[in-house]
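Encoded as structure tokens, the structure appears first; notes follow it.
The values are calculated or read from the model by the stated rules, or taken from the named source; none is laboratory data. Note that this is a predicted model, so its numbers are computed, not measured. Don't worry about glycine lacking a Cβ; one is built from the backbone with ideal geometry, like all the others, and counts go over all protein chains shown. Note: accessible area is taken over every heavy atom of the protein model, side chains too, but ligands, DNA and RNA are not part of it. Shrake-Rupley method; radii C 1.70, N 1.55, O 1.52, S 1.80 Å.
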Amino acid sequence: MNGTQDDRNGAIIWIGRISATIGIFAALEALTQVGVISAVVFPPPSKIAVELARLLGTSHFWGDAGRTLIELVLSCVFGLPAGVIIGIALAASTTARDVFEPYLVTLYAIPTVVFYPILLALMGLGSGPIIAIAAFMVMVPVALNTIVAITGVSSQLIKLSRSLRCTPLQRIWKIVLPSSAPVLFAGVKLGIMYGIVGTISMEFILADKGIGFRVGNEYNNFAILSMWAHIAVIVVFAMAISAALDQVERRLRMDLQ
Amino acid sequence: MHPVNNQPAKRPLRLGPVGSPLPVVAIFRAGVAILLICGWWTASAVSNLVPSPAEVVADLVMMFAKGAIWAPMLDTVSAVVVGFVAAIVVAVPLGLWLGRTRTALMIATPFISGLFAVPRVIVYPVLLAIFGVGLQSKGWLAGISAFFPILLTTIGGSRAIPPILTKVARSLRCGAAQTYLQIYLRSAIHSILVGLRVGASLSFVAVIVAELFAAQEGLGLMVQSSYALQKYSEMFAIVLLITILALLVNGAFALVERAIRHE
């Protein structure tokens, strides 16, 4: 494919994306203004935007946002290294991997969230149980991807590290981690996404503060407009983080090629 | 041009022995399970918040014997099944088509991967406002939750169809329906199955979380109410049941995946 055709395709794609975005918002605005979609359920996007602008000026909102952000960051601070370390440990031994991997895969399948009442009893209402469960949800995909990433490192590289007499730490730090970076990062990305899902869902069911809590709380207060504004914040935040992580991942893959 | 890789990471060839796990591994695995149960037992002896495994299993058996568990279980499971099936019907054809249509895929990708990142459960209050508390809003939530993983893996599978197959389809003058059913669907089936397994478990989790928030019936609601009544052993029994159900569903999908791979 030559350059000009590539550029033209790129232009078509961007025009498509932008017009799809505008089209969706225009359609929603029209349908809600005319009353096809009940404004009680779904206020027009323009009103949500106005409400959002008002919300951004309140200290109340930033208190919620700060709480959610701290919980998310802490769950990643605990979950990401734990996942990588568990992954490295299991990748190092075939027996350990065969023994523990089914358990790890199982943890993926079960709804960890239902364990919240136990944590609630142990840690009390607050950020504790939320961070614990979200960190756990971060850890599992990171550990599984780390195993795949590290066992996928070419055996020639390992041989090279041996003939260079690397220490085990050097082997991990200088050879294994850089060459497994793209797959490893795919796990980290998945982990962070799970962290967002975990934090928001946990807040939704049990918190006393936070954006996820506020969505449920505003629903219970019949403050539908404010509920939608908070949903919009979560949607934009999650999409932005996912786009940023995609960008990093793309760069990592390009480095390798 | 660098194609975006939507496919799940492939498992590399194992260096160790292939085939059935060694007896040592089986013994160790069983050992881990026994250790976990011992840990639970110790915790129940130390803390009065944690009931013992025996109590919990007895409670679970009682619930089945009395029949009180069937209606909530059926409610939760039927919401998951309805949403899950609806998600398959929409996501699989859409994913196959997007995987074969480059421009449409490039336009849609940021929307799909962005929305996949949004915690689905926050739309539950909206669904409650539309449908009210009940099976319908839970079913919709299950559908929305299962939709994105199924769509993403189907797109991945559809993009990875070997070009030779599409050429064969063309030279055999297959119609659109034939090409999609006989060529695309069959060749992408492995990826689709991975999506189905993930989608099933995500929709189950979403329904349970939704029930913890607001429901008339369901297993999540039972966890909530037994917690509120401080019936901890009953609560643990339902958590155990939810875990078992999740494992059964996951195991069933894993079996189907394996059967199709060996075909």
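Against the numbered list (1) touching a Leu at 6+ places or on another chain (Cβ under 8 Å); (2) touching a residue at least 60 places away in the same chain (Cβ under 8 Å); (3) open to solvent by 50 Å² or more (accessible area, probe 1.4 Å), residue B:208 comes up short only at (3). Taken together, the criteria exclude residue B:89 from residues that are under 21 Å from residue B:152 (Cβ atoms), at pLDDT 90 or above and surrounded by 13 or more Cβ atoms within 10 Å (Cβ to Cβ).
Only one residue in B:3, B:17 is at pLDDT below 65 and under 28 Å from the mean Cα position of the chain (by Cα), so which one is that? It is B:3. State whether one or more residues within the range A:69-77 are in the same structural domain as residue A:197 (by TED's automatic domain parsing) and closer than 30 Å to residue B:254 by Cα. Scanning the range A:69-77 turns up at least one residue that is in the same structural domain as residue A:197 (by TED's automatic domain parsing) and closer than 30 Å to residue B:254 by Cα.
Among the residues of the range B:169-185, what is the count of those that are assigned to a helix (DSSP H, G or I) and open to solvent by 60 Å² or more (accessible area, probe 1.4 Å)? Total satisfying the criteria: 8. Taking the range A:105-199 as the region of interest, the helices (runs of 4 or more DSSP H) fully inside it that hold 3 or more residues being more than 8 Å from chain B (Cβ to nearest Cβ), within 25 Å of residue A:237 (Cβ to Cβ) and open to solvent by less than 50 Å² (accessible area, probe 1.4 Å) are A:127-151. Against the conditions (1) modelled with pLDDT under 90; (2) closer than 26 Å to residue B:211 by Cα; (3) at the interface with chain A (Cβ under 9 Å from one of its Cβ atoms), residue B:124 satisfies every one except (1).
Just one of (1) more than 10 Å from chain B (Cβ to nearest Cβ); (2) open to solvent by less than 30 Å² (accessible area, probe 1.4 Å); (3) farther than 30 Å from residue A:32 by Cβ fails for residue A:210. It is (3). Does the range A:214-224 contain any residue that is buried (at least 20 other Cβ atoms within 10 Å of the Cβ) and more than 9 Å from chain B (Cβ to nearest Cβ)? For the range A:214-224, residues buried (at least 20 other Cβ atoms within 10 Å of the Cβ) and more than 9 Å from chain B (Cβ to nearest Cβ): present. Given the condition within 14 Å of chain A (Cβ to nearest Cβ) and either touching a helix residue (DSSP H, G or I) at 6+ places or on another chain (Cβ under 6 Å) or within 21 Å of residue A:21 (Cβ to Cβ) (or both), answer yes or no: does some residue in the range B:86-97 qualify? No: the range B:86-97 contains no residue that is within 14 Å of chain A (Cβ to nearest Cβ) and either touching a helix residue (DSSP H, G or I) at 6+ places or on another chain (Cβ under 6 Å) or within 21 Å of residue A:21 (Cβ to Cβ) (or both).
Table: residues versus (1) at the interface with another protein chain (Cβ under 8 Å from one of its Cβ atoms); (2) assigned to a helix (DSSP H, G or I); (3) not aromatic (Phe, Trp, Tyr).
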residue: B:221; (1), (2), (3): no, yes, yes
residue: B:230; (1), (2), (3): no, no, yes
residue: B:240; (1), (2), (3): no, yes, yes
residue: B:243; (1), (2), (3): yes, yes, yes
residue: B:258; (1), (2), (3): no, yes, yes
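When residue B:200 is tested against (1) without any contact (Cβ under 8 Å) to a residue 24 or more places away in the chain; (2) buried (at least 16 other Cβ atoms within 10 Å of the Cβ); (3) small (Gly, Ala, Ser), just one condition goes unmet, and that condition is (1). Can you work out which of the residues in the range B:47-85 that are part of a helix (DSSP H, G or I) and of a type in the set (Ser, Thr, Tyr) is farthest from the other protein chains (Cβ to nearest Cβ)? Checking each candidate, the answer is B:78.
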